[in-house]
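**Q** Could you have a look at this structure, given as structure tokens, before my questions?
The values are calculated or read from the model by the stated rules, or taken from the named source; none is laboratory data. The structure presented is a predicted model; accordingly, all values stated were derived computationally and were not measured. Don't worry about glycine lacking a Cβ; one is built from the backbone with ideal geometry, like all the others, and counts go over all protein chains shown. SASA here: full protein model, heavy atoms, side chains in, ligands and nucleic acids out. Shrake-Rupley method; radii C 1.70, N 1.55, O 1.52, S 1.80 Å.
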Amino acid sequence: MPTDQLPERPDGVRRLENVVIRFAGDSGDGMQLTGDRFGAQAAAIGNDVATLPNYPAEIRAPSGTVAGVSSYQLHIADHDITTPGDQPDVLIAMNPAALRANITELRPGGVIILDTDSFTELGLDKAGYEVDPLTDGSLDSYQLFAINLTGLASAAVADHNLKRKDAARTKNMYALGLVSWMFSQPIEDTADYLRKRFASKPDVQAANIAALRAGWIYGETTEAFATVYEVKPAALPPGTYRHMKGNKGIAYGLVAAAHQAGMPLFLGAYPITPASEVLHELSLLTSYDVRSFQAEDEIAAIGAAIGGSFAGMLGVTVTSGPGMALKSEAIGLAVIMEMPLVIVNVQRGGPSTGLPTKTEQSDLLQALYGRHGEAPLPVIAARSPADGFASALEAARIALAYRTPVILLSDSYIANGSEPWRVPELDELPDIGIELATEPNAVDEVGNPVFLPYARDPATLARPLAIPGTPGLAHRIGGLEKQDLTGAVSYDADNHDLMIRTRQSKIDGVDVPPLEVDDPAGPPGSGADVLVIGWGSTWGPIGEACRQVRADGLKVAQAHLRHLAPLPANLASVLSEYHTVLVPEMNLGQLAGHLRRETLIDTVGYNQTRGMPFQVSELASVITRVIQGVVDDDTPEQAAVGGNGAAKVVGDVTARLTAAKAGVGAGGKTTVTHSDATREAGR
Amino acid sequence: MSPTGEAEGAARAEEPAGTAGRRAPTVADFTTANEVRWCPGCGDHAILSTMRGLLPALGVAPENTVVVSGIGCSSRLPYYLDTYGIHSIHGRAPTFATGVSINRPDLSVWVVTGDGDALSIGGNHLIHALRRNVNLKILLFNNHIYGLTKGQFSPASKVGTVSPSSPHGSLDYPFNPIALALGAGATFVARTIDTDRRHLTATLTAAAAHKGAALIEIRQGCPTFNNIPRQPRGSGGATTENDPASPELGPIRLSPGLPIVFGPNDQWGIVRDPNTGELVVGNGGDPRVVVHDPGTQNSTYAYALSRLAETALGEAPIGVYRSVSQPSFDQLFQERLATARPGGRGELRSLLTGSDSWVVAG
């Protein structure tokens, strides 16, 4: 929210193109709800919105500590945006720990609204402050509004028969009211929301609405705030829009897929962060013939889903990394049974329990290769919260058309983030589905009609699917190798080789749209020298970084992979048109390795596993350095990744280790540049 | 064929599923051309033969029967029955079967498993299928050994079992499958023997009629790795006259409504100890001899019966231990779906639009 952005209007309302706001408080302070409501309000007035919730793995970490801080960042704009923003312009801190945990990321000169109620000796102590930041001058470079939000909220709800503690809990709505006033947002939608949410608790309902209004009125009536801000509606293409979270988008995409296929949706799932919400969403939709089943474990969840597919449902299972590991044997069974199945992996930080509430893209290789035997299957990835819908439809399309399990990769950032989503008309949805076998498809040696469950469609290599209840087509399938055509158990060596190659060919032949490149400077080969390619949730940060770099007058191309297996047929030819291909990933180079294996093209990696999405400024700087390296010197190894003009930097691990051994003080460089980038080889 | 199976399920509720207008299915209709590959003398042959005879009698068409198995010798059985079948992965058969059964109430779903498959690697799925009361008929072929992997001791093997993986004798206490199933809240629990075709048929028929999860332990030997001699009731010699725990006696047979007495001359009976309330072996003529009632809601009695083998008898009794009525998970699952859409399916577009959408004009 640079204050020099746009002139103040005569009515005292300052227009902003975009602003990044972060609500932060204790885990129990209701910051996720507050942020979510603010986002919904902004969306409802037509802003483009991108959000980033961030919360601890513990449901209630020790209160008042930095470990227990939960935050929700929103980027709202009057134009198309795809990331939640790098640095907040406005920080709402509900306690000292929230201030301490977030202040370093606040833009210099940014606005802080903080609740003074817990700035007591105890509160400061819990947060690890030795000196009160309100009095030591450390906040002088910000616009500070220190307000006793808890006290004001409690006073505002004094008439509503709440216990003291419950009255204090309305402080989040008070803060929301105040911030809504600051940004000229109507609060009626939120009041309606509170009416519904607390319909069974009239006192709590009335108190929360009263606090919300009181916060708004506080802004309106006190003279503490000199300026009101306004972010005008973004120019989105015409249509009906709603605020969509990634997990919900995937859930709705699956429902739409089942609708289009004319099949009931059957979900087998076991609770796991950050995927449980898909289970929750689908469990609400019984009236849409969505059948959700909470199984006893991850294996049972996918087993039931495969059983559902066998019985004629659109079988789906949803999990995260540890659950994927448990499901891998059953996924292999679905591969050899050639059953339609959608497996959603909402990735989180790993390995093992890792960082359950943080984001990472480190399950790509697990998705591609994480089964025993030759067990190929299609892998696709959602690129943003709203894209969850389309990618779930695409996963179901492939699963049904080719009778195969499909892995859909999402991640924690997509799962919990949200953005406006244009609601499709039903006639815009793709035609997908499966024509179930109802008649025998062959005759035996004596002329009797028989059903061959492993005879194949010559175009797709898909096998016919006959479900129980279909007379005359009864058959048995399972994990043992099948005889070609009949599906009978076969230990024949040549047959096994044939079946392995056939299953691979089927997946290799899945129709995948060609890779498209976004480069305003021209088509591949005649535009930019550097292509940035990514997959999954890095789409937003990479796209905005490319736009920034272009705004600085440099040329850069962007491409993003939805289909990771099989890869688009034109991938190698596209990549080979660029001098340098940069691959930013939230892992240590899994896509880069995959690209090299599949195209024999080496790329430059830029990698981080910090549990948070890439910052746009960080990527823009890396892209710029890579481009300058290409221009200045044809050996990108030296230029690709340098920080502070250093020849070799953004933390090549080998270099760091070598330096450490040699006693060279490389630590300074590597700590400033907290990411690893490796140039595998020049081309 | 609608994939939902609802219409069919409803239509067929009045008559044997899928048989309308067709001749009654026969043994041949349930028999595949596959060569049966179990060891000679294995009890699995007898169970297969019993199933082939039983299924036509149930009046369910082959295409409405689904047999799901895990891994092990027993789990090859689906290949020999001409129904829909899944030969799945080790221990997980109840999970696949659950996915089939709860979505398709028109189908008769059977699970075929063994003591290694169900009690060891798949123990979790077994207890949860039983606790949920999924409408599955679970045949647990218990030969007390891992046959397919060549003879290792199983969780059903007695302490001290010498096997390739326990050359000095196993140290593990075994599971009692009946007690385990009762502990999991199973609504139908029975035990039978592969060598007694009549008892096997009667027990499986009773299980098939049960609405809900049925666990049938089928006691077996393994002719190759764990040869347990056949012991028809009363075949023993002189020792059986004096020892109610003599293995020669063969298992007690439980019959609903009849007092539990046994021995060559019915000289012993199961009585309730008035001091402890526990079941003990007493005199067959004692007026306190327990009259068997599998319909007892409280499973304490059935549990006590199942545990007698470990203290007072050569082996656990055979027959139906427990058979009580409780709505199946399948039924509740389908009712939930039916009540959620009294006026038909929800409209997709309104779901997608939601209540908080806004319109951007063109």
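**Q** Among the residues in segment B:217-232, are any surrounded by fewer than 20 Cβ atoms within 10 Å (Cβ to Cβ) and at pLDDT 95 or above?
**A** Looking through segment B:217-232, none of the residues is surrounded by fewer than 20 Cβ atoms within 10 Å (Cβ to Cβ) and at pLDDT 95 or above.
**Q** Taking the conditions exactly as written (more than 10 Å from every other protein chain (Cβ to nearest Cβ) and either surrounded by fewer than 24 Cβ atoms within 10 Å (Cβ to Cβ) or out of contact with any Cys (no Cβ under 6 Å at 6 or more places or on another chain) (or both)), does A:S283 satisfy them or not?
**A** Considered against the rule, which asks whether it is more than 10 Å from every other protein chain (Cβ to nearest Cβ) and either surrounded by fewer than 24 Cβ atoms within 10 Å (Cβ to Cβ) or out of contact with any Cys (no Cβ under 6 Å at 6 or more places or on another chain) (or both), A:S283 comes out as yes.
**Q** Taking the stated definitions as given, is A:R596 under 23 Å from the mean Cα position of the chain (by Cα) and more than 15 Å from A:G534 (Cβ to Cβ)?
**A** no
**Q** Looking at B:A302, B:A338, B:A312, which one is within 26 Å of B:N135 (Cβ to Cβ) and away from every other protein chain (no Cβ under 14 Å)?
**A** Every option except B:A302 fails the conditions.
**Q** Suppose we filter segment A:286-312 for residues that are more than 7 Å from chain B (Cβ to nearest Cβ), open to solvent by 10 Å² or more (accessible area, probe 1.4 Å) and hydroxyl-bearing (S, T, Y); how many remain?
**A** 1
**Q** From the list A:G522, A:G527, exactly one residue is on the phi > 0 side of the Ramachandran plot and surrounded by fewer than 21 Cβ atoms within 10 Å (Cβ to Cβ). Which is it?
**A** The unique qualifying residue is A:G522.
**Q** Here are some residues: B:G282, B:G295, B:G269. Which one is more than 14 Å from chain A (Cβ to nearest Cβ), under 29 Å from B:T98 (Cβ atoms) and either touching a Pro at 6+ places or on another chain (Cβ under 6 Å) or among the small types (G, A, S) (or both)?
**A** Only one candidate qualifies: B:G295.
**Q** Specify which of the listed residues (A:F183, A:F198) is under 30 Å from the mean Cα position of the chain (by Cα), more than 16 Å from A:G39 (Cβ to Cβ) and buried (at least 16 other Cβ atoms within 10 Å of the Cβ).
**A** Only one candidate qualifies: A:F198.
**Q** Something else about it: Quick one: in segment A:262-280, of everything that is small (G, A, S) and surrounded by fewer than 24 Cβ atoms within 10 Å (Cβ to Cβ), which residue is farthest from the other protein chains (Cβ to nearest Cβ)?
**A** A:S276
**Q** Continuing with the same structure: Within segment A:449-472, work out how many residues are more than 9 Å from chain B (Cβ to nearest Cβ), within 28 Å of B:D106 (Cα to Cα) and open to solvent by 50 Å² or more (accessible area, probe 1.4 Å).
**A** Total satisfying the criteria: 1.
**Q** Do you know which residues across segment A:327-350 are open to solvent by 10 Å² or more (accessible area, probe 1.4 Å), over 15 Å from A:T273 (Cβ atoms) and without any contact (Cβ under 8 Å) to a residue 60 or more places away in the chain?
**A** A:S328, A:E329
**Q** Just give me the residues in segment B:296-332 being open to solvent by less than 40 Å² (accessible area, probe 1.4 Å) and touching a Ser or Thr at 6+ places or on another chain (Cβ under 9 Å), in sequence order.
**A** Listed by number, the residues that qualify are B:A302, B:A316, B:P317, B:I318, B:G319, B:V320, B:Y321, B:R322, B:V324, B:S328, B:D330.
**Q** Can I ask one more? Spot the failing condition for A:Y218; the list is (1) outside the structural domain of A:Q185 (by TED's automatic domain parsing); (2) touching a residue at least 12 places away in the same chain (Cβ under 8 Å); (3) hydroxyl-bearing (S, T, Y), and only one is missed.
**A** If we test A:Y218 against (1) outside the structural domain of A:Q185 (by TED's automatic domain parsing); (2) touching a residue at least 12 places away in the same chain (Cβ under 8 Å); (3) hydroxyl-bearing (S, T, Y), just (1) comes out false.
**Q** What is the number of the single condition among (1) farther than 24 Å from A:S283 by Cα; (2) crowded, with 16+ Cβ neighbours inside 10 Å that B:G346 does not meet?
**A** (1)
**Q** Hey, A:A258 hits all of (1) more than 10 Å from chain B (Cβ to nearest Cβ); (2) open to solvent by less than 10 Å² (accessible area, probe 1.4 Å); (3) under 18 Å from B:G346 (Cβ atoms); (4) not in a strand (DSSP E or B) but one; which does it fall short on?
**A** For A:A258, the exception is condition (1).
**Q** Here is a follow-up. On the given criteria, is A:T170 within 26 Å of A:I113 (Cβ to Cβ), hydroxyl-bearing (S, T, Y) and in contact with a helix residue (DSSP H, G or I) (Cβ under 9 Å, 6 or more places away or on another chain)?
**A** yes
**Q** From A:A155, A:A146, grab the single residue that is open to solvent by 60 Å² or more (accessible area, probe 1.4 Å), closer than 26 Å to A:I209 by Cα and among the aliphatic types (A, V, I, L, M).
**A** The match here is A:A155.
**Q** Also: Taking A:A210, is it away from chain B (no Cβ under 14 Å), open to solvent by 10 Å² or more (accessible area, probe 1.4 Å) and outside any helix (DSSP H, G or I)?
**A** No; evaluated as a whole, the condition is false for this residue.
**Q** Write out, first by first residue and then by second, each pair whose Cβ atoms fall under 8 Å of each other, whose residues are 6+ apart or on separate chains, and whose first residue, in segment A:453-481, is of a type in the set (D, E) while the second is surrounded by fewer than 21 Cβ atoms within 10 Å (Cβ to Cβ) and outside any loop (DSSP other than H, G, I, E, B).
**A** A:E481/A:I336; A:E481/A:V489; A:E481/A:N495; A:E481/A:H496; A:E481/A:M499
**Q** Would you please list the contacts, defined by Cβ atoms under 9 Å and residues six or more apart or on different chains, that run from a residue in segment A:222-235 that is more than 14 Å from every other protein chain (Cβ to nearest Cβ) and farther than 22 Å from A:D48 by Cβ to a residue that is polar (S, T, N, Q) and in a loop (DSSP other than H, G, I, E, B)?
**A** Sorted first by the residue in segment A:222-235, then by its partner, the pairs are A:T227/A:T3.
**Q** Search segment A:265-293 for residues being of a type in the set (G, A, S) and part of a strand (DSSP E or B), and hand back the single one that is nearest to the chain's Cα centre (by Cα).
**A** Filtering first and then ranking leaves A:A269.
**Q** Of all residues in segment B:77-93 being more than 7 Å from chain A (Cβ to nearest Cβ), open to solvent by less than 10 Å² (accessible area, probe 1.4 Å) and under 24 Å from A:L326 (Cβ atoms), which is nearest to the chain's Cα centre (by Cα)?
**A** B:A93
**Q** Could you grab me the full set of residues in segment B:323-356 that are touching a Gly at 6+ places or on another chain (Cβ under 8 Å) and charged (D, E, K, R)?
**A** Answer for segment B:323-356, where residues must be touching a Gly at 6+ places or on another chain (Cβ under 8 Å) and charged (D, E, K, R): there is none.
**Q** Then there is this: Given the criteria assigned to a helix (DSSP H, G or I), over 25 Å from A:D80 (Cβ atoms), open to solvent by less than 10 Å² (accessible area, probe 1.4 Å) and modelled with pLDDT of 95 or more, does A:L564 qualify?
**A** So A:L564 does not fit the description; no.
**Q** Identify, from the list B:E6, B:E63, the residue that is modelled with pLDDT under 90 and assigned by TED's automatic domain parsing to the domain that holds B:D196.
**A** Answer to the check: B:E6.
**Q** State yes or no: is A:G315 in a strand (DSSP E or B), within 11 Å of chain B (Cβ to nearest Cβ), at negative phi and surrounded by 24 or more Cβ atoms within 10 Å (Cβ to Cβ)?
**A** yes
**Q** Can I ask one more? Residues being open to solvent by 20 Å² or more (accessible area, probe 1.4 Å) and either basic (K, R) or at pLDDT below 95 (or both): count how many of those fall in segment A:473-485.
**A** 1
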